[in-house]
Each structure stands twice: as C-alpha cells, then as structure tokens.
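Each value in this text was obtained by applying a stated rule to the coordinates, not by laboratory testing. Note that the structure is a prediction, hence the values are computed from the model and not measured. FYI the Cβ positions are ideal-geometry reconstructions off the backbone, even for glycines, and counts take in every protein chain you see.
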C-alpha cells in the first residue's frame, strides 16, 4: 500500500473505531460512518482485479473509503495515466465533511486523482447522466464508470441506482454499504435489495463483510 495513504487510513481507522466503541463522542453530523478496514481491502482487491479506471462514490464523508479507492487506482497505473478526467469522482452534501476529506486527500498526496463534488446526489447524478448522454463518441455499452459505491442517503437508493446504471459499463459493479448494519436500516435496505435483484440486466448478491455490501453487476446495456 502507498505509505502516505496507509498513514491517513490508519489515523482515520483508529478514529472510526473509537467512535463505534463510544470512546469518542461526536455530533451525529460529524460521525465518520466509515466502511470497515476489511471492507476497504475487499474493495481494493476487487478494483485491482477488474483493473478499474473510473470510480463514482456517493457519500464521501471524510474520505476513508475514497482513500482505499485511490490506492487501487495507483496500483492500476492511473496516477501516471494521461486522462481527461480524474479517475475518482466523489459526491457529498456535507460541506464540513468535504473540507475534512479534502485535507485528508492532500495529506495522502492523492488530491490529483479525485474530483470532489458538493451537493445533492440526485441533482449531481442527473447532471452526470445528461453529460454522458451528450457525449456521442462514448459507446453506451462501455459506460463512464467501472465501479460505483453507494454510502449516503438511504431513502433515495433506488433512484440513485436507476440514474447510475446507464453510466456503468457492462461488467461494472455497484456496491452498496449498510445492508446489515446499523439494524435500523434493515427494512429500507431489504426493499432496495429486492429491487436490484429483480432487475433483468443485473446480478446482485449480499456479501456479509463489514456493514454488509450488496454487490450488483451489470450484465447488459439498459
């Protein structure tokens, strides 16, 4: 692992562990709500195996999961690749968390890999989709993204999924966090799982790692 990224991940991981245990008290809006370290490693292995080059993250928080993605992008050679767009796009509506995430990206020396967008996820996804549909030189079967991670507003997950799917390449993956924990999310996450598993162009399965990850693979163009 890149040593700068590893250093920041270790610091943030320790903070997240203290928050989860109750040793560190923070306001609800300031909670990290990060993925677990084993989930981060799972994603890194997945991203390197599929040689992902474009990632979309909905729910930046303080950038913990984003740093795992950045490490995979470095391993995939994207740090030195000449590309017109940064390999990682991450979205969050919380300005304070975006500021913290940006500082963490600077400390890890990966700011050049990450495009940070502040605002409502649905609005931003509509804009991304509009831009995608206007780029006729991009084959729609290729899509813009190899991997999408949902770790934000649970009430609009199905709408987010529908907006993202046309921009995901065939064989690309959408991963959704918090399928198993916190338990308060269970009913809405169960409805989401039923929805995506019934999509004819998608194969989806729950992976019981960390907070529970729904892994959905696109099989055909929409």
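Taking a ≥ b ≥ c as the square roots of the Cα gyration tensor eigenvalues, with a/c under 1.5 meaning rounded and otherwise prolate when a/b beats b/c, else oblate, which class fits the range 27-81? Here the range 27-81 falls in the prolate category. In terms of its C-alpha gyration tensor, the range 36-116 comes out oblate, because a/c is 1.5 or above while a/b does not outweigh b/c.
Using only the C-alpha atoms, the convex hull of the range 1-42 corresponds to 67 Å³ per residue. Using a simple spin-label model with pseudo-atoms 7 Å out from Cα toward Cβ, residue 191 and residue 11 lie 4.0 nm apart. Its relative contact order, with pairs defined as Cα atoms under 8 Å and 6+ residues apart, puts the range 3-218 at 18 percent.
Only Cα pairs under 8 Å and 6+ residues apart enter the sum, and on that basis the relative contact order of the range 3-92 stands at 31 percent. Mean-square fluctuations from a GNM of the chain, with a 10 angstrom spring cutoff on Cα atoms, peak among 104, 94, 80 at 80. Counting only DSSP beta bridges with both residues in the chain, the antiparallel share comes to about 35 percent. The overall shape of the chain, judged from the alpha-carbon gyration tensor, is oblate: a/c is not under 1.5, and a/b is no greater than b/c.
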